[in-house]
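One structure is given below, encoded as structure tokens.
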Amino acid sequence: MKNKANYYLNKTLFVSATNTDVGKTYASETFLKYFSRNGLRVGYFKPCETGVEDFPLDGTKMLLLVKELNPDFDFTINDVVPYQFKLPAAPWVAKNDTNIDLEFLKEKIKELKSKCDVLIIEGAGGLMVPIQDDIFIIDLIKEFNCDETFLIAPSKLGCINDTLLSTMALKSKNINFSLFINLYKDIDSFESVSKPFLDSKVEYEFLHKYLV
């Protein structure tokens with residue numbers, strides 16, 4: 001990530017991860033606060049949220065935060081999370097007969113960008129989670145013309161495999177990305193178990209660097 005937040009002025013950023021429950025929403029919150037703290041009006045978008053009962057938990061939490069950081073962002077939860085599904089599964093499974101319309105999502109992104117300086121789009125699960133038969137989360141990055149992807153990887157045992165597979169997938173599609181390690185599991189053993197090999201293969205930063 002660049003040292004100056006102003007580098008991201010008028011940019012759309014996609015937050016994805018090496019798997020589910022790695023910390024995409026936590027990372028989105030961290031970056032929203034970071035950009036706001038550095039003078040940028042922030043915005044947030046989550047095209048699909050699954051496992052929704054009464055309301056989308058992640059999307060609602062992020063929308064409340066954005067409204068606090070950027071009062072100009074006067075959108076509803078249905079604007080910020082257009083597709084909400086009850087089943088906690090990949091969108092392709094959870095949507096049943098619902099058509100996830102990419103053109104509709106692109107128009108929604110245009111609306112949201114009119115009220116912010118930097119828009120963070122949060123994906124669902126990892127990069128290869130299916131949206132349609134032949135469209136995966138990774139494909140949304142280019143469909144939405146995102147300027148950069150923030151890939152979140154965990155510190156837990158097994159992160160080497162998932163991190164290398166995810167970075168290979170992004171490189172294969174010529175997607176510009178920055179890698180962040182979320183120190184939240186196996187943090188006592190990360191230095192000796194995973195960090196030595198990651199240091200030799202990938203460039204990354206620690207997510208906690210951007211905490212308020």
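The values are calculated or read from the model by the stated rules, or taken from the named source; none is laboratory data. Treat the numbers as computed from the prediction; the structure is a model and nothing was measured. Cβ: placed from backbone, ideal geometry, glycine included. Neighbour counts: every protein chain shown.
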Give the range 164-212 a look and list any residue that's more than 21 Å from the chain's Cα centre (by Cα), hydrophobic (A, V, I, L, M, F, W, C) and at pLDDT below 95, or say none. 187
Within 18 Å of the chain's Cα centre (by Cα) and closer than 18 Å to residue 147 by Cβ: does that describe residue 81? no
Selection from the range 92-138 of residues outside any loop (DSSP other than H, G, I, E, B) and touching a residue at least 60 places away in the same chain (Cβ under 8 Å) yields 108, 109, 112, 113, 118, 119, 120, 121, 122, 131, 137, 138
For the range 60-81, check the following and say yes or no: at least one residue is aromatic (Phe, Trp, Tyr), in contact with a Pro (Cβ under 9 Å, 6 or more places away or on another chain), surrounded by 13 or more Cβ atoms within 10 Å (Cβ to Cβ) and at pLDDT 95 or above. no
Kindly list the number of the only condition in (1) within 14 Å of residue 22 (Cα to Cα); (2) in contact with a helix residue (DSSP H, G or I) (Cβ under 6 Å, 6 or more places away or on another chain) that fails for residue 118. (1)
For residues in the range 19-57 being free of Cβ contacts under 8 Å to residues at least 12 places away in the same chain and not aliphatic (A, V, I, L, M), which is surrounded by the most Cβ atoms within 10 Å (Cβ to Cβ)? 21
Going by the conditions given, is residue 63 among the hydrophobic types (A, V, I, L, M, F, W, C), part of a helix (DSSP H, G or I) and either in contact (Cβ under 8 Å) with a residue 60 or more places away in the chain or closer than 18 Å to residue 112 by Cα (or both)? yes
Just checking, which of 106, 95, 110 is surrounded by fewer than 18 Cβ atoms within 10 Å (Cβ to Cβ), under 14 Å from residue 83 (Cα atoms) and either modelled with pLDDT of 95 or more or not small (Gly, Ala, Ser) (or both)? 106
Counting only residues that are of a type in the set (Ser, Thr, Tyr), give me the helices (runs of 4 or more DSSP H) lying completely in the range 149-212 with at least 2 of them. 159-172, 187-193
